[in-house]
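What follows is calculated from the coordinates using simple rules that are stated; it is not laboratory data. The shown structure was predicted, so the numbers you read here are calculated from the model rather than taken from an experiment. In this analysis, Cβ positions are derived from the backbone assuming ideal geometry, glycine residues included, and neighbour counts consider all displayed protein chains.
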């Protein structure tokens, strides 16, 4: 059986570049190696007022996923399944993946929250964790998160309307493709009318690298 896997941030950057270059959805799907319906759904759900942008699309997808996962109640049946696997020394990540194969979408973060709630009530389920003494950090962020933004930046919503018309040469749009494990990056510059694209690899992501 083949399971659907959600688009990665790297794939969304690829889709963003191909959209800016004017490729049709079928060709984008071929190049990203995804089904055309996946690309159609992605563009429909995550395209903003200023077009499809990878960073914005990733934030929207994470927000929807987190909201949907929080809405799922941990019923007595689901709790029994979780506890059974905890007794087998499974990690919350493994339990989450196992539950998804049963069409029960509970994130590993939600399982950790459940264990913390149980501990606060005097429970001992947390002791089944392989590293119960170590503190954990959340791996997801809020779509309203402010960290990492350029100081005194000008919003894309404030650019002249003539730029959106794509009727003149000389209007460029820049973006950044972050490398694996956030090491290195590629700066992309696309001329909006001609779709002429420039790429440059940089070793740092701060403004001094430009």
* Asked: Using Cα pairs under 8 angstrom and six or more residues apart, how large is the relative contact order of segment 1-53, in percent?
  -> 29
* What FRET efficiency do you get for residue 166 and residue 187 if R0 is 22 Å and r is their Cβ-Cβ distance, rounded to the nearest 0.05? -> 0.55
* Cβ-Cβ FRET estimate between residue 63 and residue 8, R0 fixed at 25 Å, reported to 0.05 -> 0.95
* For residue 113 and residue 200, FRET efficiency with R0 = 41 Å and r from the beta-carbon atoms, rounded to 0.05? -> 0.45
* Using the number of other C-beta atoms within 10 angstrom as an exposure proxy, rank 114, 23 with the fewest first. => 23, 114
